[in-house]
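Reading through the structure tokens given below for one structure.
The values are calculated or read from the model by the stated rules, or taken from the named source; none is laboratory data. Note that the structure is predicted; figures quoted are calculated from it, not measured. Reconstructed Cβ throughout: ideal geometry from the backbone, glycine too, with neighbour counts over all protein chains shown. For the accessible areas, the whole protein counts, side chains as well, though only heavy atoms, and no ligand, DNA or RNA atoms are used. Shrake-Rupley method; radii C 1.70, N 1.55, O 1.52, S 1.80 Å.
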Amino acid sequence: MNHEEEIRIFDVDAQLDAAFGEEGTPERKAAEDRAYAFFMGQMIEDARKKAHMTQEELAARIGTNKSYISRVETGKTEPKISTFYRIVSALGLAIELTPST
């Protein structure tokens, strides 16, 4: 195997530790919380687009404004659970809770 074909293996946990602090630290928890908020926002944005709805239309359906929907979709704001349920319902979706395995 020549140098260009060399496979580089790296430790993802070590990279996360270096960037965000070790697992269990407040810094790591804050980074994970930001990541989860961003992920939730992306799921809401994807569902809104699949429903062919604008941010303004979604906002009107749940009684808020476009700015709030934008902040949720970009992960800058995490909706309360009651607001999340209103968003899901307005998008014509349902949440199902199932036991973890």
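Between the beta carbons of Leu16 and Thr98, assuming R0 = 41 Å, the FRET efficiency works out to 0.90 to the nearest 0.05. When nucleic acids and ligands are ignored and a 1.4 Å probe is applied, Glu22 ends up with an accessible area of around 120 Å². Report the relative contact order of the stretch 1-68, percent, no decimals, based on alpha-carbon pairs under 8 angstrom and at least 6 residues apart. Relative CO of the stretch 1-68 lands at 12 percent. Using +1 at the Cβ of each Lys and Arg and -1 at the Cβ of each Asp and Glu in the stretch 1-62, identify which of Leu16, Ala35, Ala47 lies farthest towards the dipole's positive end. The Cα lying farthest towards the positive end belongs to Ala47. Multiplying the residue separation of Gln42 and Ser89 by 0.36 nm and subtracting their alpha-carbon distance yields 15.2 nm. Simple point charges give the picture: +1 on the Cβ of Lys and Arg, -1 on the Cβ of Asp and Glu, and for the chain a dipole about the Cα centre of about 1000 debye. Accessible area per residue for the chain is 77 Å², calculated with a 1.4 Å probe on protein heavy atoms, without ligands, DNA or RNA. Could you work out the percent of alpha carbon pairs in the stretch 1-82 separated by over 20 Å, rounded to a whole number? Roughly 52 percent, rounded to a whole number.
Projecting the Cα positions of Thr83, Ile69, Ile95 onto the charge dipole of the stretch 48-101 (unit charges on Cβ atoms of Lys, Arg, Asp and Glu, taken about the Cα centre) puts Ile69 furthest along the positive direction. Each of Ile81, Ile95, Ile44, Ile9 has its accessible area taken with a 1.4 Å probe; listed largest first, they run Ile9, Ile81, Ile95, Ile44. Surface composition of the stretch 1-93: carbon plus sulfur atoms hold 55% of the accessible area, using a 1.4 angstrom probe and ignoring ligands, DNA and RNA. At an R0 of 25 angstrom, the distance between the Cβ atoms of Glu56 and Ile81 translates into a FRET efficiency of 0.60.
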